[in-house]
Amino acid sequence: MPLPASQTSPGDGIAAVLDAANRVILGKDTQVRLALACLLARGHLLIEDLPGVGKTTLAHTLARLLGLDFQRIQFTSDMLPADILGVSIFDREHADFRFLPGPIFTQVVLADEINRATPKTQSALLEAMEEHQVTAEGITRPLPEPFFVIATQNPAHQVGTFPLPESQLDRFLLRLELGYPDSRAERALLESGGRRSQVAALTPCLTPPALAGFQDEVERVHAAPPLLDYVQALVEASRRAPAFRHGLSPRAALALLAVSRAWAYLAGRRQVLPEDVQAVWPALACHRLPLAQGSGHASPEEALALLRGVALP
Amino acid sequence: MDLRAQAQRWQRWLFRLQPEGGAVRLERRRIYILPTRSGLLYALALVVMLLGAINYDLALGHALVFLLAGLGLVAMVHTFRNLLGLGLQAGTVAPVFAGEQARLTLHLDRPDPRPRRALALDAGAGPILAELELPDSSSVSLPLPPQPRGYRPLPRLTVASVYPLGLFRAWAYFLPAARHLVYPAPLSSPLPRARSVPQAGDSRGGNGQEDFAGLRPRQPADPLRHIAWKAAAREPAERPLPVKHFAGGGAEEIRLDWQDLPSGCDVEQGLSLLTGWVLAAEAEGLSYGLQLPGVDIPRGSGPAHRQRCLETLALWSPPGARQP
Amino acid sequence: MNWRLPWRRQRRPLPSPLPHSVLPWLLLCALATAGPHTLHQPLWLTAIAGLVLAWRAWLWLRQLPLPPRWLLSLVSLGSLAAIVVEYRTLLGRDAGVSLLVLFLALKLMELRQRRDGVVVLMLGYFLLLTHYFHSQSIPTGLWMLLALVLLTATLLRLHGDDRARPLASLRYAGVLTLQALPFMLVLYLLFPRISGPLWGLPRDAHAGLSGLSETMAPGSLANLIQNGSIAFRVQFQGETPPRAQLYWRGPVLDHFADGVWRARFLPHRKPQVEARGPEVAYVTTLEPHNQRWLLALDSPTAVPAEASIGHDLQVLAPAPLTSRSRQAFRSVLDYRHNRQEQPLVLQRALQLPAERNPRTRELAEQWRRADPRPASLVQRALAHFRQEPFFYTLRAPLLGRDGVDEFLFATRRGFCEHYASAFVVLMRAAGVPARVVTGYQGGDINPVDGYLTVRQSDAHAWAEVWLEDQGWRRVDPTSAISPARIEAGIAAALPDDEALPLLARVDLDWLVRLRHRWEAANNAWNQWVLGYTPERQRQLLSRLGLQQPDWRNMSAALAAACGLLLLLLTLWSLGRRPRLAPEERLWQRFCRRSARLAPDLARAPWEGPLAYGRRLGERLPTLAPQAEAIAGLYATLRYGPPLAPRDRQQLLERLAACIRELPSRRPS
């Protein structure tokens, strides 16, 4: 019996991207899907995990598959904003200042270990993320489209780090933890050797205009009034929960809806269901809910507990 | 026998009290209803009126008594209905010092557009009246009874109403599964002597002697050159001399140590003194560390540091003792 | 011991001081409940209560503090003393009411707490009842209903409504009262009625009722005729007899002395009535007159079981009538009464005061000598009234010692009692046994409800003479002077300039019509509301199928009815949920049915449709396709983009069909 729900496959290109990415990054289906949803919802991604679990590979793979330029910035504590944004140098030939664009002028930026840089440098990147443009020495220069930042962060308790402040965390649409691969995936990894060569061999599945088209389609995914009620109820519940110092902001509510749309689109649906909201909830909510007692943020378990306290309207 | 504990146990059994997390909706079974003193007076008046009506054979008197009796029954339903469906959710409680009044933010909502009036919410420290009239939910700041330091479970909340006629009182209990933090009561006493640290070219550190931050009354240890003589001339003679107060941040640092407490004070007093010191140090912008047997918090300042110190003081118990 | 009842502490969910804004409401309540008592209480009490009210209003306006307690105690003690002086007691009905009014007024002076306000309102509710001592008419009932709504609205404002708009409070009070009405109805019909009194009534219980009296003096009926109020109403079964035959028999007076006619006690004896015509059946509704007699058509043949009929055909109730009551009678209009009469009765029917009215006696003697046959003496007397210049008027001159002489020979102006009295004296003087009968004559049919209305203004007096072989015969001398009185009623019989109650006049057509309407409403009120006696209750209950209504099964019925009403009210007021969309209803049905398959299969409140469908499918693989189809359909309907109505309907039908196909038991 054919299902009446508009259960078509998502755009062929997107399906191919998912497929190819899962062949490179083994056993991380959900994370890859979330990363792609984040990209489709025009948001930036924060990956928090130990070094060596494949953060860079994920970023690189996505960039390659989507046919986007890719730059990697390794953050260090002595890094200055100009190192990211670019500098103007005096050109003797033209007797004029010439702007040398920094590594941020690309489509996919992997900002590695962002919490090693000083807050000043962090905020330079984050402002660029928010505005999609860079202002240096009074001149505003637009960043390329699409512009997608994948930042990675070491767990906060490691030494020599400057944890991102609350206000900056909110600018990342999703936060993921990759975690160790399961034993089967690890075995496959060991058998097939490093991923680097595989990534290099990837061919793009999409072109930037096609990606923009998918992003537009995601925005058109239907969100019915009962679903909006549900999103509101979730946000309201987060504000009331005594476990958290404060709840989700209206911006976070918009973000939740946007990622839910992208997730529904990736599932081949033209309407958002509560399941979509629930699927993206921990990745979206955890880093936005500071614990009321002690420091740190909600764990995925706490976020899910909150979710389970809210009935579908 | 501890009658109070006995009564509480009995109540728990009778009202099936269980700590509940999340939002609670008052269903039929949670709401209890009994006549109030006014209700009993009303019933008595009705009985007397009925006797009068029978005795004088007043047909309309009968009708009046019966109408009033009907009114009482209707009022019962309406009082019950005033609570029914009400949604309650415990919000946050800001940490307080022992002896201060903690306040719980309680969120109320209703599933239907019916206004709810004269809801008396009580956590044991006096009722607060609330109304739900606008379509949105509303929040009430509910005083909690004073508690000793530590993490304290929230007390049982009562939501009651006699609306509309005051003849019946409907009530329901709610035991939120949450706790709140109570810091030790601060005792103010002079800070132990501050230790100046040599400035090590740190760009963050300013010289604490340079930024003029205002005037304050002179204390015996203030250097003479800090006295604001011009300001002093404008003040009446009996006032203490005003002293220029300088701020820098991180200029002075101080260690608040359990060992520095005056001898002869017990654990609670000591914690109270330390709490007072933390507050004073924070207020003066010092960089301070806290040392208790088994705990060592490195120097720091700012709200987060203050909170950490206070929390430690609230939860600390001497090694080998029961957790407070 | 540090222990208290757990809820004692939380007894008072409202702050105890009285809200300032409630005071005008309380004052209004006091006015509405105590105000109408001004009509029935001494002026000084009204003055005191009014002054206290005004004082309190002024204090409120100026926000001044309340007077000290000693001053209030002084005022209350003084008023208490005044009440004792006025009524000689504190216990009687009127003294009690005055006491209540006084309490109410003084309680207003010490309103500090919310509870004081409640006490004022309880007093107010109580005072409402006391108005029914004086009147139970429709307007009183309506006024009390309005006052009750006002009191209830004030009670509302005392308990948390004090910031609402006044109209909103009144409306809510009205809604509460309306919802209480069914309870009132049920209680009114089913509450086991006891007829009072429960204890000895104070003497003043039934003062001030009007009606015929046991004596008749010149002018006494004329006074009654000025009174337009209703004496009784009659509902005939079948045709209403012609007006001229409607003689409603009241007290029979056989003793004449000092110009006053009285009834004298006679040992009881069964009357002999020979019917010479058909019987008429009817039911009278008698207004209370605080006397024992009932009024029946001449001559009654069947009377209510508890009433007795005297030898003179007078019907007596066992006790004075203090409340409106209904009696069923049968009468024959053409009859012979006591053809064999006791000698004692005949002897008394010849009694005349000696030494009085010599000219009358002389005239009678003269007539007797001319023709001693009693029948021709009667005719002679009637002819005398007809031929001589006698006038029928309410304004009869006052009469002296020999009143009948003066009337017959000098003034010749009189009213029915003058003619009846003069006629009986003439007959007795001529040796014919005769007596005076008082009662009512005639009545008006109310075209609205068909009841015959008999008023005090229809009061009448006529004569009876005893004739050999014929027994007692009615002779109405008034008909000789003014036939119109009997044929058309008092208003037609009197000259135009004579004062009659406005409403007894027939020439104001619209007024009459209006009056008929009003009286019909009043009559229905009396019959169905006020006249709901224990007997009527029993009748109604047996008609409803409660064969042997005693207090036990009545209480059971009452409890059942009240419980049912309470349940209905609860369902009505609690069960109003927003209407669910059809797909939501179907989905909930599906969830309920699958929850029945296994307890752990119930949908968690937060569980989305597809996730639930998948979970069901995993647990019960045989159901998987169906469950997923249902979940998919529901998800499309609820969360999908809006559909065309036809498509939507189609999907709904498919969803319903899928759910119908689900097994109701877990597949093995």
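The values are calculated or read from the model by the stated rules, or taken from the named source; none is laboratory data. Please read all numbers here as calculations on a predicted model, not as lab measurements. For neighbour counting, all protein chains shown are included, and Cβ atoms are generated from backbone atoms with ideal geometry for every residue, glycine included.
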Go through the residues of region B:104-117 one by one and say whether even a single one is more than 15 Å from C:Gly160 (Cβ to Cβ), in a strand (DSSP E or B), out of contact with any Ser or Thr (no Cβ under 6 Å at 6 or more places or on another chain) and more than 11 Å from chain C (Cβ to nearest Cβ). yes
Select from region A:279-313 the residues that are more than 8 Å from every other protein chain (Cβ to nearest Cβ), in a helix (DSSP H, G or I) and not hydrophobic (A, V, I, L, M, F, W, C) and list them in ascending order. A:Pro282, A:His287, A:Arg288, A:Pro300, A:Glu301, A:Glu302
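Is it the case that A:Leu248 is in contact with a helix residue (DSSP H, G or I) (Cβ under 8 Å, 6 or more places away or on another chain), away from chain C (no Cβ under 14 Å), part of a loop (DSSP other than H, G, I, E, B) and buried (at least 20 other Cβ atoms within 10 Å of the Cβ)?
So A:Leu248 fits the description; yes.
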Assuming C:Ser594 fulfils every condition listed in (1) polar (S, T, N, Q); (2) within 13 Å of chain A (Cβ to nearest Cβ); (3) closer than 30 Å to A:Leu234 by Cα apart from one, which condition is it? (2)
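Which of the residues spanning region C:609-639 are of a type in the set (Gly, Ala, Ser) and surrounded by fewer than 19 Cβ atoms within 10 Å (Cβ to Cβ)?
Correct list: C:Ala611, C:Gly617, C:Ala624.
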Test for A:Asp276: is it part of a helix (DSSP H, G or I), within 14 Å of another protein chain (Cβ to nearest Cβ) and over 23 Å from the mean Cα position of the chain (by Cα): no
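Listed here are the residues, each with its yes/no results for (1) in contact with a helix residue (DSSP H, G or I) (Cβ under 8 Å, 6 or more places away or on another chain); (2) within 14 Å of another protein chain (Cβ to nearest Cβ).
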site: A:Asp170; (1), (2): yes, no
site: A:Leu176; (1), (2): yes, no
site: A:Arg184; (1), (2): no, no
site: A:Pro209; (1), (2): no, no
site: A:Val221; (1), (2): yes, yes
Against the conditions (1) away from chain B (no Cβ under 14 Å); (2) modelled with pLDDT of 85 or more; (3) surrounded by fewer than 16 Cβ atoms within 10 Å (Cβ to Cβ), where does C:Phe232 fall short? Just the number, please. (3)
The condition from (1) within 24 Å of C:Leu637 (Cβ to Cβ); (2) not in a helix (DSSP H, G or I) that A:Pro242 misses is numbered (1)
Evaluation of B:Ile33 against (1) in a helix (DSSP H, G or I); (2) touching a helix residue (DSSP H, G or I) at 6+ places or on another chain (Cβ under 7 Å); (3) more than 26 Å from C:Arg193 (Cα to Cα) (one fails), failing number: (1)
Output for region B:44-71, where each listed residue is farther than 25 Å from C:Glu287 by Cα and either touching a helix residue (DSSP H, G or I) at 6+ places or on another chain (Cβ under 7 Å) or not assigned by TED's automatic domain parsing to the domain that holds B:Leu167 (or both): B:Ala45, B:Leu46, B:Leu67, B:Leu68, B:Ala69, B:Gly70, B:Leu71
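Select, from C:Leu399, C:Leu346, C:Leu394, C:Leu352, the only residue that is in contact with a Pro (Cβ under 6 Å, 6 or more places away or on another chain) and in a loop (DSSP other than H, G, I, E, B).
After ruling out the rest, the residue left standing is C:Leu399.
Take region B:37-63 and flag every residue that is in contact (Cβ under 8 Å) with a residue 60 or more places away in the chain and either at the interface with chain C (Cβ under 7 Å from one of its Cβ atoms) or polar (S, T, N, Q) (or both).
Matches in region B:37-63: B:Ser38, B:Tyr42.
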At pLDDT 85 or above, touching a Phe, Trp or Tyr at 6+ places or on another chain (Cβ under 9 Å) and in a loop (DSSP other than H, G, I, E, B) - does that describe any residue in region A:42-49? yes
From the option list C:Leu99, C:Leu90, C:Leu106, C:Leu111, single residue qualifying as more than 16 Å from C:Leu77 (Cβ to Cβ) and either of a type in the set (Phe, Trp, Tyr) or assigned by TED's automatic domain parsing to the domain that holds C:Ala54 (or both) is C:Leu111
Among the residues of region B:144-168, write down those that are in contact with a Ser or Thr (Cβ under 8 Å, 6 or more places away or on another chain), more than 7 Å from every other protein chain (Cβ to nearest Cβ) and in a strand (DSSP E or B). B:Phe168
Which pairs turn up if I take residues in region C:386-401 that are touching a residue at least 12 places away in the same chain (Cβ under 8 Å) and look for partners that are loosely packed, with under 13 Cβ neighbours inside 10 Å and of a type outside the set (S, T, N, Q) with beta carbon separation below 7 Å, at least 6 apart in sequence or on another chain? C:Thr393/C:Pro495
All positions within region C:416-455 that are surrounded by fewer than 24 Cβ atoms within 10 Å (Cβ to Cβ) and among the polar types (S, T, N, Q): C:Asn446, C:Thr453
Note on region C:117-139: residues facing chain B (nearest Cβ under 7 Å), touching a residue at least 40 places away in the same chain (Cβ under 8 Å) and within 23 Å of C:Trp528 (Cβ to Cβ) are C:Leu128, C:Phe133, C:Gln136
Flagged in region A:74-89 as part of a strand (DSSP E or B) and under 21 Å from A:Thr140 (Cβ atoms), in numbering order, are A:Gly86, A:Val87, A:Ser88, A:Ile89
Matching residues, region C:319-337, being modelled with pLDDT of 85 or more and not in a strand (DSSP E or B): C:Leu333, C:Asp334
Residues that are more than 18 Å from A:Thr61 (Cα to Cα) and touching a residue at least 24 places away in the same chain (Cβ under 8 Å), drawn from region A:202-212: A:Ala212
Part of a loop (DSSP other than H, G, I, E, B), of a type outside the set (S, T, N, Q) and surrounded by 22 or more Cβ atoms within 10 Å (Cβ to Cβ) - does that describe any residue in region B:130-137? no
Limited to region B:88-114, what total is found for residues that are among the polar types (S, T, N, Q) and either buried (at least 18 other Cβ atoms within 10 Å of the Cβ) or not assigned by TED's automatic domain parsing to the domain that holds B:Arg149 (or both)? 2
Taking the residues in region A:124-158 that are of a type in the set (Gly, Ala, Ser) and surrounded by fewer than 17 Cβ atoms within 10 Å (Cβ to Cβ) as candidates, determine which candidate is farthest from the chain's Cα centre (by Cα). A:Gly138
Within region B:51-64, work out how many residues are crowded, with 21+ Cβ neighbours inside 10 Å and not in a loop (DSSP other than H, G, I, E, B). 8
Complete set of residues in region B:291-316 that are buried (at least 16 other Cβ atoms within 10 Å of the Cβ), within 20 Å of B:Tyr151 (Cα to Cα) and more than 14 Å from every other protein chain (Cβ to nearest Cβ): B:Leu292, B:Leu313, B:Trp316
